[in-house]
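**Student:** This is the structure I want to talk about, given as structure tokens.
The values are calculated or read from the model by the stated rules, or taken from the named source; none is laboratory data. Please read all numbers here as calculations on a predicted model, not as lab measurements. We place every Cβ from the backbone using ideal geometry, glycine too, and count neighbours over all the protein chains shown. These accessible areas exclude ligands, DNA and RNA; they are computed on the full protein's heavy atoms, side chains included. Shrake-Rupley method; radii C 1.70, N 1.55, O 1.52, S 1.80 Å.
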Amino acid sequence: MNCNEKESSDFLFKILLVLITCLLYSLQAFAHGDLSVRIEHKTQQILKTPDNFKLYYERGMLYQQHIEFAKALEDYLKSESLGNTQKVLKYHMAEVYYLTENYSEALIHITACLEKESTDVKSKKLEAQILFNLKAYKQSLSAYQYVINTMVDFRPEDIIEYTHIILAENNENYDEALNVIEIGLNQLGGNTLSLQLKKLDYLKASNALEQAMQQYDYFILEYNRKEFWYFKKAQYLMENNKHNEAMVSLQLATLSIEQLDSKFKNMESILELKSDIKTLEKSLNL
């Protein structure tokens, strides 16, 4: 994987995390009623007691859920100026700065948050994400290692994010990235698709030919639509000058298509696959 591909992958992953965060806020908003109405209600409360820092914090949270980050930050700062010293305020200020890509300010506020409780896993994870975007990879790696070692119910995306940091710190350290993937598979289950796909990516990127072929075989064995995985394996084998093995894999892809129910054989995706198989076969026969 070259630098441009890695940077693009990191950027897309970050966008995905932001979208997930926004989705979670949207779902939370849906569960508690219309946000605009709740914001207006909170505004009326503030008008009655304008020195109540709790109300500004609560409205700031509503604005953040509504993805109005500038207004959220304005309310958080007002809450702070009125005497709010709670850790959670610092966390959400750091979060807003992070989401708006003001990473230097985000780091200042998450550091203040961690000064109040250095073992808080949620804050430590945000610190790692901020440090990553500041290209402080060693510090980010250390922070995220703590998260993975401490978090009770981490998710596949946490494991993948950790491997991105590992490779950002050392773009040849695929052994460690794969080791972390295995830890995730052991904890979350061997059939966690996103981790198995990432494992394949890393095996291919590290030129681990035999292991990558075994990983293709895993997908062929575990998933019903074997024809696609046979074809993908054939492409990989061809790229690595394993033409005879690639031809065998293409033949198996064709056989898998023939074994499909008739209702599947005329699907557009299968017709396209058959065309791709013929094209690759011609290339192998040249």
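**Student:** How high is the relative contact order of segment 88-214, in percent, counting Cα pairs under 8 Å that sit 6 or more residues apart?
**Tutor:** Working: 131 pairs, mean separation 18.7, N = 127.
Computed over segment 88-214, the figure is 15 percent.
**Student:** Can you tell which of Ile46, Ile148, Ile159 shows the greatest fluctuation in a Gaussian network model of the chain with Cα springs below 10 Å?
**Tutor:** In the Gaussian network model the winner is Ile46.
**Student:** Just grab the label-to-label distance for Asp217 and His243, each label 7 Å out from Cα along the Cβ direction, in nm (one decimal).
**Tutor:** 2.4
**Student:** Report, in debye and to the nearest 20, how large the dipole of segment 130-264 comes out about its Cα centre when Lys and Arg carry +1 and Asp and Glu carry -1 on their Cβ. Show your work: numbers first, answer last.
**Tutor:** Values: 12 positive and 18 negative charges, 49 e Å.
Result for segment 130-264 is approximately 240 debye, rounded to the nearest 20.
**Student:** Tell me which lysines have Cα within less than 21 Å of Lys122's Cα, excluding those fewer than 8 residues away on the same chain?
**Tutor:** Excluding near neighbours in sequence, the set is Lys14, Lys87, Lys90, Lys135, Lys138.
**Student:** Here's a follow-up. What FRET efficiency would be calculated for the residue pair Leu77, Lys122, taking the C-beta separation as r and a Förster radius of 25 Å, to the nearest 0.05? Could the numbers behind the result be given before it?
**Tutor:** Numbers: r = 22 Å, r/R0 = 0.86.
Taking R0 as 25 Å, the efficiency between Leu77 and Lys122 is 0.70.
**Student:** Between (i) 63, 20, 16; (ii) 48, 23, 15; (iii) 43, 29, 18, which entry matches semi-axes √(5λ) of the Cα gyration tensor in Å as derived from the coordinates of this structure?
**Tutor:** From the options (i) 63, 20, 16; (ii) 48, 23, 15; (iii) 43, 29, 18, the structure gives (ii).
**Student:** First select every other residue whose beta carbon is under 14 angstrom from the beta carbon of Ile181; then total the charges, Lys and Arg +1, Asp and Glu -1. Walk me through the numbers on the way to the answer.
**Tutor:** On the way: positive: Arg155, Lys198, Lys199, Lys204; negative: Glu157, Asp158, Glu161, Asp175, Glu176, Glu182, Asp201.
For residues surrounding Ile181, the net value is -3.
**Student:** If I model a spin label at Asn207 and Asn191 as a point 7 Å from the Cα along the Cα→Cβ vector, what separation in nanometres do I get?
**Tutor:** Going by the 7 Å Cα→Cβ label model, 3.6 nm.
**Student:** In addition: Sorted by accessible area with a 1.4 angstrom probe, largest first, how do Val88, Val180 fall?
**Tutor:** Numbers: Val88 55, Val180 5 Å².
Output order, biggest surface exposure first: Val88, Val180.
**Student:** A further question on this structure: Of the candidates Ser206, Ser36, Ser142, which one comes out as most mobile in a Gaussian network treatment of the chain with C-alpha springs shorter than 10 Å?
**Tutor:** With Cα springs under 10 Å in the chain, the top fluctuation among Ser206, Ser36, Ser142 is at Ser36.
**Student:** Could you name the lysines whose alpha carbon sits less than 29 Å from that of Lys282, not counting residues in the same chain fewer than 8 places away?
**Tutor:** Straight-distance partners of Lys282: Lys204, Lys226, Lys232, Lys233, Lys242, Lys263, Lys265, Lys274.
**Student:** May I ask you to list the trypsin sites (Lys or Arg not before Pro) in segment 131-232 that are in a DSSP loop and have at most 14 other Cβ atoms within 10 Å of their Cβ? Before the final figure, lay out the partial values.
**Tutor:** Numbers: sites: Lys135, Lys138, Lys198, Lys199, Lys204, Arg225, Lys226, Lys232; in loops: Lys135, Arg225.
Qualifying residues, ordered by number: Lys135.
**Student:** Which one of Asn191, Leu131, Leu77 is farthest out on the positive end of the charge dipole of the chain, using unit charges on Cβ (Lys, Arg +1; Asp, Glu -1) and the Cα centre as origin?
**Tutor:** Checking the options against the dipole of the chain, the answer is Leu77.
**Student:** Would you work out the charge dipole size for segment 67-181 about its Cα centre, treating the Cβ of every Lys and Arg as +1 and the Cβ of every Asp and Glu as -1, and quote it to the nearest 20 debye?
**Tutor:** Working: 11 positive and 19 negative charges, 62 e Å.
Dipole about the Cα centre, nearest 20: 300 debye.
**Student:** Then there's this: Would you be so kind as to identify which of Pro50, Ile165, Tyr103 lies farthest towards the positive end of the dipole of the chain, taking Lys and Arg as +1 and Asp and Glu as -1 on Cβ and the Cα centre as origin?
**Tutor:** Highest projection toward the positive end goes to Pro50.
**Student:** Another question, then. Which of Leu99, Leu185, Leu209 ends up with the largest GNM mean-square fluctuation for the chain, with Cα atoms connected below 10 Å?
**Tutor:** Top of the fluctuation ranking is Leu209.
**Student:** Now for a separate question. Quick one: putting +1 on the C-beta of Lys and Arg, -1 on the C-beta of Asp and Glu, what dipole do you get for segment 48-98 around its Cα centre, in Debye to the nearest 20? Numbers along the way, then the final one.
**Tutor:** Details: 7 positive and 7 negative charges, 26 e Å.
Dipole of segment 48-98, to the nearest 20 debye: 120 debye.
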